Amino acid sequence: MDTYMLAELTIRQFDESTKLIFSGAQLVIVTDTGSRLWYIDIDGMTQTSLLRSFNESENIRVELTAVTAGGRAFEGTGYLHPNVQHHAAAIRGEGELAGFK
């Protein structure tokens, strides 16, 4: 399991891009028996209305672009699972991350 702190994270849904504002976010990559799974944990999100809209939506699929604290840029597709009460979210990855080797 590898963990990378994120400096920037932008999601795109329905041709609308939103730069997320957070106090901390990390990308976690899990390699298990030849497959690579990934997810992003986000804490301290101030965009409560965005979290609420994902909480009420059936379509939680997003495209994302991000930059790690070390400057590595990548993009991918995932599903944003909001936690409105704790001002947090998780993005469960779908497929490979582009640009992240």
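Only the coordinates and a few stated rules stand behind these numbers; no lab work does. Here the structure is a predicted model, which means the values were calculated and not measured. Cβ: placed from backbone, ideal geometry, glycine included. Neighbour counts: every protein chain shown.
Observations
- Charge dipole of the chain about the Cα centre (unit charges at C-beta), most positive-ward option of ALA7, LEU64, LEU80: ALA7
- Gain upon complete extension [ARG52, GLU75; 0.36 nm per residue less C-alpha separation]: 5.9 nm
- Counted residue by residue at 0.36 nm each, then reduced by the alpha carbon distance between them, the extension gain from THR31 to ASP15 reaches 2.6 nm.
- Theoretical ellipticity at 222 nm over the chain - DSSP helices of four or more residues, -39500 (n - 2.57) apiece, nearest 500: -2500 deg cm²/dmol
- Entry for Rg/Rh (Cα atoms, Kirkwood Rh) (calculated from the structure that is shown) out of [x] 0.99; [y] 0.95; [z] 1.02: [y]
- Net charge of neighbours whose Cβ lies under 12 Å from the Cβ of HIS87, counting Lys and Arg as +1 and Asp and Glu as -1: 0
- Relative contact order, percent, the chain [alpha-carbon distance under 8 Å, six or more residues apart]: 27
- For a label point 7 Å along the Cα-to-beta-carbon line of ASP43, residues of the stretch 80-101 with backbone N under 16 Å: 83-91
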